[in-house]
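A.B. asks: Quick one: the structure is below, questions incoming.
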């Protein structure tokens, strides 16, 4: 019997998936754990791995096509299957399967193993009778992502090469042609969620400027000292910590509007908006730094770099994009002075951050040259009133302008 | 900033009374009937003062004859009135099983849609405390088995009033199960008009590790267990189902998809129960989200003991719930 490979359900809300790219061709031999395809879901781009050994006999759904979850997208022939068909008298096939059923796996553990591509054969079950349970799979996933993150931070920094392609001045470029492009799954989600946000949440904005000299000075010192261990803190890493710490005295900023109630979240999970490159279909995702108020600048920096890199290269897993309680969108690195952002539901606020810009400033009654950064909060007025926003920004300002407290 | 409003706090029994009084003022077809509801102000003082306001045509004392007055009220409901029938205890409804199950629940169906039966049966359900085997009935599993009726079990005064108003306005027979142990509990009930719709469960406490589902009084033990377990780092999401028919399985499943573990706490016996029904539905709808089978906590499979100690050990309690959650989350 050929093994049927179906479109897996990779997130709770996924109903359809798009094959972005096949990593195998008909006739290729694959083993369990090999990468078969990149699949775009409603939330992220994820890898589909093989759970079986065999030979690819059919690729039923071609690249760029969208199918329902559960649809057969390819088939594999088990090793030696073609021969068995030719020699029908060999009646010994079932023994292997009997051996495999020795594994007890809880349903959700099996599903998570599929999502994260964990080979169940390699997992030691901790449940009754050696049942593999959720905790066992998450432990494997954690270990893998920690080693990936560690490997990343110790590697030598790669030089930044400007990647803007230079368009020739003559001859009509493809981008000038009139065309209609169907929405990617991600763009559909962005369109739906942000319209919903903007239409249902009574948005308003409050802006404040921050003296960035002390923070930039401290960042320079720290980065000089940490260069040897491969750590480079970004301004955004500092802001993640500042915003998270400010929740302690301003819990409404870590809350969600719930119709007839306001829900205050326990953990502070700060989302960071990550723009995706054009070649991966563009768009943006919000990566989550969980319990950001309890993490050091170094940990925030490592996680943030890991999330950005993974988002751009492989796509983020549902766990890495869920459960945000507050979001930061930073366009400072593009030299933007200031802008306003749309709230990322169910958050009640988002901080839009501009660049730290060198400009004439008045310090102690004197005209001087200093770095100033403007940041704009967008707020859900059902949860947060203007005066509360002002108090939050004041808390933030005290942290940013006296950054030594971020180290403790 | 938040505006501090003085919250009106009343007893569960007062909330029930307010629901009945408001609906009787609004709708002349509504009346209350049962043993001791009028002159004695109700065996549990739920109907206190109602005879004075509405008179003996609308607040009616009956003899000890559940089968008779239930059947009579079903007839009046079929002819256009909207009776509220108080059972002093649901234990006493057993002698009226034929009219309430065979007539009320099936009338719309059997009459081919000619006669509805907009009636509310309400009263104390479950162990009241040392009332022994025959007077400590939990009828939810027994009666929820029957199609054609609705069943609500309020946990706090807010829901007691809101759900009872919905029950009285409903065109179907509603079995409204109160707990004697909750009648004196207090809670916020707004002065403004409101109702609580059927079929919408309420998340009473949020959590990430185990979904705890219950109805009525055992929710108190679920919330206690949830606090106890939080100290061990196990965070429960406590769901108040509010109504058994209709059952808001969607909210329950949504939570289980998040926690991957579930314990159902049902004060009736385990065999063929509301608990086994919910467990079965969860297994069917979100099997792939479960890290363990759905665990259940019920009353023990014996008649209710009279002895105080034995009765406490027999009922679902905080200790049993904690043990079940630890087992369901592999923390035993």
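Where a number appears in this text, it was derived from the coordinates with a stated rule and is not lab data. Predicted model, so just to flag it, every value in this text is computed and none were measured. Reconstructed Cβ throughout: ideal geometry from the backbone, glycine too, with neighbour counts over all protein chains shown.
A.B. asks: Compute the distance from the alpha-carbon center of the range B:90-125 to that of the range A:226-276, in whole Å.
C.D. replies: 56
A.B. asks: If you don't mind, another one. Once both axes come from the Cα atoms, what is the angle between helix A:134-154 and the longest principal axis of chain A, in degrees from 0 to 90, rounded to 10?
C.D. replies: Tilt relative to chain A: about 60 degrees.
A.B. asks: Please give the FRET efficiency for residue B:281 paired with residue B:114, using the beta carbon to beta carbon distance and R0 = 30 Å, rounded to the nearest 0.05.
C.D. replies: 0.35
A.B. asks: At 222 nm, what value in deg cm²/dmol follows for chain B if DSSP H runs of at least 4 each add -39500 (n - 2.57) and the sum is divided by all its residues, to the nearest 500?
C.D. replies: It lands at -9500 deg cm²/dmol.
A.B. asks: Tell me the mean residue ellipticity at 222 nm calculated for chain A from its helices only (DSSP H runs of n ≥ 4, each -39500 (n - 2.57), averaged over every residue, nearest 500).
C.D. replies: Theoretical 222 nm ellipticity from helices: -9000 deg cm²/dmol.
A.B. asks: Additional query: Looking at chain B as a GNM with Cα springs under 10 Å, which of B:202, B:163, B:16 has the largest mean-square fluctuation?
C.D. replies: B:202
A.B. asks: Where both partners of a DSSP beta bridge lie in chain A, what percent of those bridges are antiparallel, to the nearest 5?
C.D. replies: 85
A.B. asks: Still on this structure: Report the calculated FRET efficiency for residue B:130 and residue B:288 (r = Cβ-Cβ distance, R0 = 51 Å), to the nearest 0.05.
C.D. replies: For residue B:130 and residue B:288, the calculated efficiency is 0.65.
A.B. asks: Quick check on the range B:178-332: take the gyration tensor over C-alpha atoms, sort the square-rooted eigenvalues as a ≥ b ≥ c, and tell me if it's rounded (a/c under 1.5), prolate or oblate.
C.D. replies: Rounded, since a/c falls under 1.5.
A.B. asks: For chain B, set up a Gaussian network in which alpha carbons nearer than 10 Å are linked by springs, and say which option among B:207, B:55, B:199 fluctuates the most.
C.D. replies: Comparing B:207, B:55, B:199 in a Gaussian network model of chain B, the most mobile one is B:55.
A.B. asks: Roughly what % antiparallel, to the nearest 5, for the DSSP beta bridges in chain B?
C.D. replies: The answer is about 20 percent antiparallel.
A.B. asks: Starting from the Cα gyration tensor of chain A, take the square roots of the eigenvalues, sort them a ≥ b ≥ c, and report rounded, prolate or oblate (rounded when a/c is under 1.5, otherwise prolate if a/b is larger than b/c, else oblate).
C.D. replies: Here chain A falls in the prolate category.
A.B. asks: For chain B, compute Rg over Rh where Rg is the Cα radius of gyration and Rh is the Kirkwood radius from the inverse mean 1/r over Cα pairs.
C.D. replies: 0.98
A.B. asks: Another question, then. How much length, in nm to one decimal, is gained on full extension between residue B:195 and residue B:95, taken as 0.36 nm per residue of separation minus their Cα-Cα distance?
C.D. replies: The span from residue B:195 to residue B:95 would gain 32.8 nm if fully extended.
A.B. asks: Then there is this: Quick one: check the C-alpha center-to-center distance for the range A:14-32 versus the range A:184-215, whole angstrom.
C.D. replies: With the range A:14-32 and the range A:184-215 each reduced to a Cα centre, they are spaced 35 Å.
A.B. asks: Sort A:242, B:138 so that the residue with the fewest other Cβ atoms within 10 Å of its own Cβ comes first and the one with the most comes last.
C.D. replies: Fewest-to-most ranking of A:242, B:138: A:242, B:138.
A.B. asks: Now for a different question. Principal axes first, then extents: for the Cα atoms of the protein assembly as shown, list largest minus smallest coordinate on each axis, whole Å, largest first.
C.D. replies: Rounded to whole Å, the extents work out to 98, 95, 57 Å.
A.B. asks: Mind checking A:103-113 for the average number of partner chain beta-carbons within 10 Å of each residue's beta-carbon?
C.D. replies: That works out to 4 on average.
A.B. asks: Report the antiparallel proportion of the DSSP beta bridges in the protein assembly as shown as a percent, rounded to a multiple of 5.
C.D. replies: 60
A.B. asks: Next up: Between residue A:313 and residue A:34, 0.36 nm times their residue separation minus their Cα-Cα distance comes to what?
C.D. replies: Full extension from residue A:313 to residue A:34 adds 98.7 nm.
A.B. asks: 7 Å from Cα along Cα→Cβ at both residue B:332 and residue B:250: what's the point-to-point distance in nm?
C.D. replies: Those two pseudo-labels are separated by 3.5 nm.
A.B. asks: Expressed as an acute angle from 0 to 90° and rounded to the nearest 10, what is the orientation of the C-alpha long axis of helix B:274-286 relative to the principal long axis of chain B?
C.D. replies: 50
A.B. asks: By how many nm would the segment from residue B:300 to residue B:72 lengthen if fully extended, with 0.36 nm per residue of separation less the alpha-carbon distance?
C.D. replies: 78.5 nm
A.B. asks: Taking chain B as a Gaussian network, where each spring joins two C-alpha atoms under 10 Å apart, which residue of B:266, B:98, B:240 fluctuates the most?
C.D. replies: Comparing B:266, B:98, B:240 in the GNM, the peak value goes to B:98.
A.B. asks: Post the alpha-carbon centroid distance, the range B:256-322 to the range B:191-225, in whole angstrom.
C.D. replies: Cα centroid to Cα centroid, the span is 15 Å.
A.B. asks: Distance in nm between label sites at residue A:52 and residue A:394, each 7 Å beyond Cα in the beta-carbon direction?
C.D. replies: For residue A:52 paired with residue A:394, the spin-label model returns 6.7 nm.
A.B. asks: Quick one: order B:185, A:200 by neighbouring beta-carbon count within 10 Å, fewest to most.
C.D. replies: Least crowded to most crowded, the residues run A:200, B:185.
A.B. asks: Roughly how crowded by other chains is peptide B:289-296, in terms of the mean Cβ count from those chains within 10 Å of each of its Cβ atoms?
C.D. replies: 4
A.B. asks: Another question, then. Nearest 0.05, what FRET efficiency do residue A:66 and residue A:226 give at R0 = 45 Å with Cβ-Cβ as r?
C.D. replies: Computed FRET efficiency for residue A:66 and residue A:226: 0.50.
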